[in-house]
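J.: Got a structure for you, questions after.
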Amino acid sequence: MWVIYTLNGLYFAALLFLISLGLNIILGVMGILNLAHGSLYAIGAFIAAWIVITLGTKVPPFFLYVSLLSGLVGVAIVGFLMEKSLIRFMYKRTLEYQLLLTFGALMLLEDVIKMIWGGQAYYASAPFELLGKVDIWGHVYPTYFLFVMFIALIAGLCIWLFMSKTKLGIMLRAISLDREMATGLGLDITGLSTFAFVLGSGLAGLAGALVVPTTPALLGFGHEPLILGFIVVVVGGLGSLKGALVGSLLVGFTRSFGIAVFPEIELPLLFLIAGIILVVKPEGLFGR
Amino acid sequence: MLTIDNLKKHFGSVKAVDHVNLEIKEGEIVSIIGTNGAGKTTLVNLISGYIKPDSGRILFLDKDITYAPPYVRIKLGVGRSFQLIQLFSNSTVLDNVRIALFSKYGMIRRGLLPADRYSSVTDEAIKILDSFSMSDKKNLTPKGLSEGDLKILDIAIAFALKSKLLLLDEPTSGVATNDKFKVMDSIVKAIKKEGISTLIIEHDMDIVSGYSDRVIVMHEGKVIAEGKPNEVMENKEVKATVFGIVS
Amino acid sequence: MVKNPRWIVYSLIFIALLFIPRILSIHDLMLFEYGITFAIVGLGFNLLLGYTGLLSFGHGAYFATGAYTVAMIAKYLPQAYSLEILIPAALFFSMVLSIIFGFVSVRHTKIFFSILTLSLSMLLFALLFKLYHITGGSDGLRVPLPTLFGMSFKGIRRPEFLLGTYYYFLLGMFSVSFLVMKGIVNSPFGKALQAIRDNEVRAELIGIRVRRYRLYAFIISGMFVGLGGALWTFVNGHVTADLSHWVFSGEIVYMTLLGGFGIFEGPIVGAIIFTYLKLYAMGNTQYWMFVIGGTLIVLVLLLPNGIAGAFAGLWTKIKKVIEET
């Protein structure tokens, strides 16, 4: 059973990684904590679920997987609109206003989801079932979960390469290190900030899309991932990609083993561990 | 009063404070001069407790305060003002000084009666503002003050802490040249009246020679000269490093 | 105190409030009572936000603590179910929880602080939700009418209770909270908190132990919020785990901002207006969250000082014009 728990831990970690990576990019480059990040995750799930259900059996299975990317694209667009209409007013304001604005956005988006997709659950299990199961060291395990881990890994690698090797990525990192200096260097802060927000949002949307074949999309979908995402960010360190990875693994495994051993203990245990880490290292494991 | 023993603070490869020894006696006004980056502000930060040294000792009134947290040093009597003014931007001038007094007298736990009821503290705050000629501005907030007044307020707050040792970081920077002497006059008058020992970081040599009992010269983290103002000014090494005069 | 014209206004308002039960219908009175309990919450919350500069997104936890203290005593200790025990108990448990959560949270600032307080309140939410044998989980617990100094209300239906004795009790509690908070905010302690808010470094360097005083502010605000929560239960008749959910905490922040966190009376104004706004929205559309969320966004962008703050600013401008003519 330990094999299963470990694999589950990796699966949770994969999803959390995408979510917290998005949060961290936005937080690092823009200094904004987006409380509506969970809502973006939920929108990604709903968009993907809707498309998968609509396409149904009309297309070859391969396209169903590609269609999951619709979650990423859809949410990227939403993120773009959000940034242009709301977030860009927040740069000069203090933290209180940022949190309140994104909180308002959260409430707004929650009802937007209700308006578009109503209150029912959307089951889009085809991608999950089609991949069947695989045998790992004598245990049967759904292949789809491995697929998710794979995607998350690819995404992580892409982001890492992007951030360290491409000009655009380096510019983003420059802004996150010192916004004022970056302005002085002539970087297009506005454009880059929009891009960072779109990228971060897209990752949340991707996570939502990936999870939807395994869990139905429901209202209130984004709340738990948001909290867990916050814990990852706090434990791993604000703005740190490495921290997002390590934090996700930590939270993922705690969740997986916690649920298996004693379901009620999962969240308290998580907080206990997070609390201990923060006492020893208040800025998080890899924080500045 | 204050003894600094072999104090060292490096920031990576930068030797901000490099084995500095110095002493300040009771009632003395000592100025520190030196080029930018010579380590003067770091030294003041170490003495006030804002940062901790790598090695060495700081003794104040024979107590070792090298690693003591700021509130301990303030209780013992170390006060400071800032190069970049640090005020309580949303409080009145009176409150800025009064809060320092409340803190000093350990009264900030008192949570029920309005601050105005504490008439002795309020009166004392007004008296302090008076000695700096600021009491007419007591109900203004920092937004409504001139640069020179902001500086004086900054120092008045440090003063209110009834410090035995006052650390003034560039008290006249940002003040119009015409006002510099006025500002220093009111500060030094108040200091001399209470017999407070003072360490001043200054760049303006007229101020330094006009008000100091002793001058210490720092360069690249080390103390390179010490003595009465006119002696130090004649020192060849000082002239070369600080004033850039080569003879 | 008597010289200050403000107190004349406060007294007049207080007297007016005494007559409210005669003017309002039972439904409107309930609404008003909700508003008053949240006004107490807002006063407490703003000590931490407006006066100490810390934004907690988890104060629902203390509201829930106060509320569940009442509900649990109703369920497990019915013999102690009287207001004179319930109120101190609620204050006590809110204090304990805010000491624990506060101690962990005040070591951090700004974003970290907000995230931590949010997460800790969700921890309580999880406990309240999952331990449904004890807490009723998502169904919650019922809150019957309490006794007050031996006066029993058996046989009286809730609306009559609320219309009569309870209103005055609530008004009394609100007045006490108002006066106590007024005192705190103007005291040397209150000044120290404001100093911490304005310039943490300077505050530390005049001898204020910043972390410790932040904790004190945290505890006091937690207790006020817990009191509000406890008083709220009798109006609502029912408590659920949602009270500790971070979205509820967000509503507390919302109210405070709505009224304006820069003025003492701001949160009171905000609480009353928000209560009406929310119920109006909920009563008129199923998409009330859209309305509330949208209003919040508009508010943040246009009225950063809140409604009371905007009025205060307007008043200052008017005064200036009068002085100049």
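J.: Determine whether C:S221 is within 12 Å of another protein chain (Cβ to nearest Cβ) and among the hydroxyl-bearing types (S, T, Y).
T.: Judged against the criteria, C:S221 is not a match.
J.: Separate question: Would you pick out the residues in the range A:195-221 that are at pLDDT 85 or above and of a type in the set (G, A, S)?
T.: A:A196, A:G200, A:S201, A:G202, A:A204, A:G205, A:A207, A:G208, A:A209
J.: So in the range C:8-60, with the set limited to residues that are part of a helix (DSSP H, G or I) and among the small types (G, A, S), which one is farthest from the other protein chains (Cβ to nearest Cβ)?
T.: Ranking the candidates gives C:A16 first.
J.: Determine which member of the set B:L94, B:L113, B:L84 is without any contact (Cβ under 8 Å) to a residue 24 or more places away in the chain and touching a Ser or Thr at 6+ places or on another chain (Cβ under 8 Å).
T.: B:L113
J.: A:V246 - would you say it is crowded, with 23+ Cβ neighbours inside 10 Å, within 17 Å of A:L7 (Cα to Cα) and modelled with pLDDT of 85 or more?
T.: no
J.: In the range B:135-246, which helices (runs of 4 or more DSSP H) lie fully inside it and hold 1 or more residues that are surrounded by 15 or more Cβ atoms within 10 Å (Cβ to Cβ) and touching a His at 6+ places or on another chain (Cβ under 8 Å)?
T.: Correct list: B:236-241.
J.: Please work out if C:L193 is within 13 Å of another protein chain (Cβ to nearest Cβ), over 19 Å from C:F174 (Cα atoms) and surrounded by 24 or more Cβ atoms within 10 Å (Cβ to Cβ).
T.: Yes; evaluated as a whole, the condition is true for this residue.
J.: Going through the range C:197-211 one residue at a time, which ones are more than 7 Å from chain B (Cβ to nearest Cβ) and surrounded by fewer than 24 Cβ atoms within 10 Å (Cβ to Cβ)?
T.: C:R197, C:E200, C:V210, C:R211
J.: What tally of residues in the range A:241-279 results from selecting those that are out of contact with any helix residue (DSSP H, G or I) (no Cβ under 7 Å at 6 or more places or on another chain) and more than 13 Å from every other protein chain (Cβ to nearest Cβ)?
T.: 2
J.: Which of the residues spanning the range A:87-105 are within 21 Å of the chain's Cα centre (by Cα), of a type in the set (A, V, I, L, M, F, W, C) and more than 7 Å from every other protein chain (Cβ to nearest Cβ)?
T.: Selection gives A:I87 alone.
J.: Within the range B:80-94, work out how many residues are under 18 Å from the mean Cα position of the chain (by Cα) and either more than 7 Å from chain C (Cβ to nearest Cβ) or not polar (S, T, N, Q) (or both).
T.: So the answer is 8.
J.: Restricting attention to the range A:137-165, which residues are within 15 Å of the chain's Cα centre (by Cα), closer than 16 Å to A:L10 by Cα and among the β-branched types (V, I, T)?
T.: Within the range A:137-165, A:V148, A:I151, A:I154 meet the criteria.
J.: Which residues, taken from the range C:178-190, are without any contact (Cβ under 8 Å) to a residue 12 or more places away in the chain and either buried (at least 24 other Cβ atoms within 10 Å of the Cβ) or among the β-branched types (V, I, T) (or both)?
T.: C:V180, C:S187, C:P188
J.: For the range A:78-97, name all the residues that are surrounded by 16 or more Cβ atoms within 10 Å (Cβ to Cβ) and more than 18 Å from A:I189 (Cα to Cα).
T.: A:V78, A:L95, A:E96, A:Y97
J.: On the basis of being crowded, with 19+ Cβ neighbours inside 10 Å and either under 30 Å from A:L250 (Cβ atoms) or of a type in the set (K, R) (or both), does A:L68 make the cut?
T.: So A:L68 fits the description; yes.
Per-residue answers, yes or no, for (1) part of a helix (DSSP H, G or I); (2) within 14 Å of another protein chain (Cβ to nearest Cβ); (3) modelled with pLDDT of 80 or more:
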| position | (1), (2), (3) |
| --- | --- |
| C:H133 | yes, yes, no |
| C:P144 | no, no, no |
| C:I156 | no, no, no |
| C:Y167 | yes, no, yes |
| C:V176 | yes, yes, yes |
| C:L179 | yes, yes, yes |
| C:K182 | yes, yes, yes |
| C:F189 | yes, yes, yes |
| C:L215 | yes, yes, yes |
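Residue by residue, here is whether (1) of a type in the set (F, W, Y); (2) in contact with a Leu (Cβ under 8 Å, 6 or more places away or on another chain); (3) modelled with pLDDT of 90 or more holds:
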| residue | (1), (2), (3) |
| --- | --- |
| C:H238 | no, yes, no |
| C:M255 | no, no, yes |
| C:P267 | no, yes, yes |
| C:I273 | no, yes, yes |
| C:L303 | no, no, no |
| C:A308 | no, no, no |
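J.: Follow-up. Is it the case that B:L94 is modelled with pLDDT of 85 or more, in a loop (DSSP other than H, G, I, E, B) and under 24 Å from B:P171 (Cβ atoms)?
T.: No: the conditions fail for B:L94.
J.: Output the residues belonging to the range C:279-312 that are over 22 Å from A:Q98 (Cα atoms), within 13 Å of chain A (Cβ to nearest Cβ) and of a type outside the set (A, V, I, L, M, F, W, C).
T.: C:T285, C:Q286, C:Y287
J.: Output the residue which, of all residues in the range B:103-118 that are within 17 Å of B:L161 (Cβ to Cβ) and either of a type in the set (A, V, I, L, M, F, W, C) or in contact with a strand residue (DSSP E or B) (Cβ under 7 Å, 6 or more places away or on another chain) (or both), is modelled with the lowest pLDDT.
T.: B:I108
J.: Right, something else. Out of the range A:189-216, which residues are farther than 22 Å from A:F150 by Cα, in contact (Cβ under 8 Å) with a residue 40 or more places away in the chain and hydrophobic (A, V, I, L, M, F, W, C)?
T.: A:L192, A:A196, A:F197, A:V198
J.: Starting from residues that are under 15 Å from the mean Cα position of the chain (by Cα), of a type in the set (G, A, S) and within 14 Å of another protein chain (Cβ to nearest Cβ), keep the ones in the range C:226-278 and report whichever is surrounded by the fewest Cβ atoms within 10 Å (Cβ to Cβ).
T.: C:G250
J.: For residues in the range B:50-66 being assigned to a loop (DSSP other than H, G, I, E, B) and within 25 Å of B:G27 (Cα to Cα), which is farthest from the other protein chains (Cβ to nearest Cβ)?
T.: Step by step, filter the range B:50-66, then rank; the result is B:D62.
J.: For the range B:166-177, check the following and say yes or no: at least one residue is at pLDDT below 85, away from chain C (no Cβ under 14 Å) and farther than 19 Å from B:L87 by Cα.
T.: yes
J.: Given the condition within 17 Å of the chain's Cα centre (by Cα) and at the interface with chain C (Cβ under 9 Å from one of its Cβ atoms), answer yes or no: does some residue in the range A:61-73 qualify?
T.: Checked against the condition, which is being within 17 Å of the chain's Cα centre (by Cα) and at the interface with chain C (Cβ under 9 Å from one of its Cβ atoms), the range A:61-73 yields no hits at all.
J.: Could you look through the range B:119-153, keep only residues that are more than 22 Å from the chain's Cα centre (by Cα) and at pLDDT 85 or above, and pick out the one that is farthest from the other protein chains (Cβ to nearest Cβ)?
T.: B:D123
J.: Restricting to the range A:208-234, name every residue that is small (G, A, S) and touching a His at 6+ places or on another chain (Cβ under 7 Å).
T.: The answer is A:G229, and nothing else.
The values are calculated or read from the model by the stated rules, or taken from the named source; none is laboratory data. A quick note: this is a predicted structure, and the numbers were derived from the prediction, not measured. With ideal geometry, Cβ positions are generated from the backbone for all residues, glycine too; neighbour counts draw on all protein chains shown.
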